[in-house]
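See below for the structure under consideration.
Just so you know, all these numbers are worked out from the coordinates, no wet-lab data involved. Everything quoted here is computed from the prediction, not taken from an experiment. Counting neighbours? That spans all protein chains shown, and the Cβs are built from the backbone with ideal geometry, glycine included.
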Amino acid sequence: MTARLVVLVSGSGTNLQALIDACADPAYGASIVAVGADRDAILGLERADRAGIPTFVAKVGDFTSRDRWDEALADKVAAFEPDLVVSAGFMKLLGPAFLARFGGRTINTHPALSPSFPGIHGPADALEYGVKVTGCTLFVVDEGVDTGVIVAQTAVPVEDDDTVEVLHERIKVAERSMLVDTVGRMAREGFAVEGRRVRFGA
Ligand code: GAR
């Protein structure tokens, strides 16, 4: 059985592209049934269009409250009946209505080694702190900011003359392979969350 993925993006969508490429192989075990975004005219949506994947947009500003947006986003995602929701560079926190429906099967990739440097400035915060090793984390989304149960992590060195952009690009190379490897395993083997651990296998 092929796992149905809905991928959420806000920007360039290179993580999405890595998943699109992986899903081209039927042995990968997953297919992207839709791509959603919180804004228009982003490269991520263009990548989906090019691959013939249906897209949808839910902008916070189009709703009377953050909660209404969250409910609408959950409705749009639900229409595609996903097995797994992958937040891949989606720069919004998912709220209670969304997690009531998709909690436990929504994962997010973060450009730092959790629990260090949560939030939207992971690479900049790591550089500012002066750590010598940072990386990326794939986790099951909960109501906190990057606090969910960790599924996978990859360490990445920080070099002395790194800028935020250079460091983030190095992290993103590791992030794409972590995402592709781990989503493939989750799709093919199934997984269970037990306390703070994720176990692969049905
Ligand atoms: C990725 O590095 C992802 O971890 C990060 O945005 C980038 C998106 O790149 N997400 C966050 O910082 C969320 N807190 P992409 O659009 O090229 O996939």
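Can you give the Rg to Rh ratio for the range 78-202, taking only C-alpha atoms and Rh from Kirkwood?
Radius of gyration relative to Kirkwood radius: 0.98.
Write down, largest first, the equivalent ellipsoid semi-axes of the range 124-188 in whole Å, where each equals the square root of 5 times an eigenvalue of the alpha-carbon gyration tensor.
Computed over the range 124-188, the values are 24, 15, 8 Å.
Return, ordered by residue number, the residues of the range 141-156 whose backbone nitrogen is under 20 Å from a label point located 7 Å along Cα→Cβ of residue 194.
Output list for this probe position: 141, 148-153.
Please compute the volume of the convex hull spanned by the alpha-carbon atoms of the range 16-140 and report it per residue in Å³.
Convex hull volume per residue, Cα atoms: 131 Å³.
What length, rounded to one decimal in nm, is gained on full extension from residue 41 through to residue 131, with 0.36 nm per residue of separation minus their alpha-carbon distance?
28.9 nm
Modelling each spin label as a point 7 Å along the Cα-to-Cβ direction, I'd like the residue 166/residue 91 distance in nm, to one decimal.
Result for the modelled spin labels: 2.3 nm.
What's the local net charge at residue 110, with K and R +1, D and E -1, over the other residues with C-beta under 10 Å away?
Neighbour charge sum, excluding residue 110 itself: -2.
Among the aspartates and glutamates, which fall within straight-line cross-link reach of residue 76, defined as a Cα-Cα distance under 19 Å, with same-chain neighbours fewer than 8 residues apart omitted?
Filter leaves 38, 40, 46, 49, 62, 67.
Can you tell me the FRET efficiency between residue 65 and residue 21 if r is taken as the Cβ-Cβ distance and R0 is 45 Å, rounded to the nearest 0.05?
0.75
Semi-axes of the range 24-98's equivalent ellipsoid from the Cα gyration tensor, sqrt of 5 times each eigenvalue, largest first, rounded to whole Å?
Semi-axes, largest first: 23, 15, 10 Å.
If you take every DSSP beta bridge fully contained in the chain, what fraction is antiparallel? Give it as a percent rounded to 5.
Antiparallel bridges: around 45 percent, rounded to the nearest 5.
Taking 1 over the mean of 1/r across every pair of different Cα atoms in the range 1-44, what Kirkwood radius in Å do you get?
Evaluated over the range 1-44, this radius sits at 10.9 Å.
Where does the chain land at 222 nm, in deg cm²/dmol rounded to the nearest 500, when only DSSP H runs of n ≥ 4 count, each adding -39500 (n - 2.57), divided by all residues?
-11000 deg cm²/dmol
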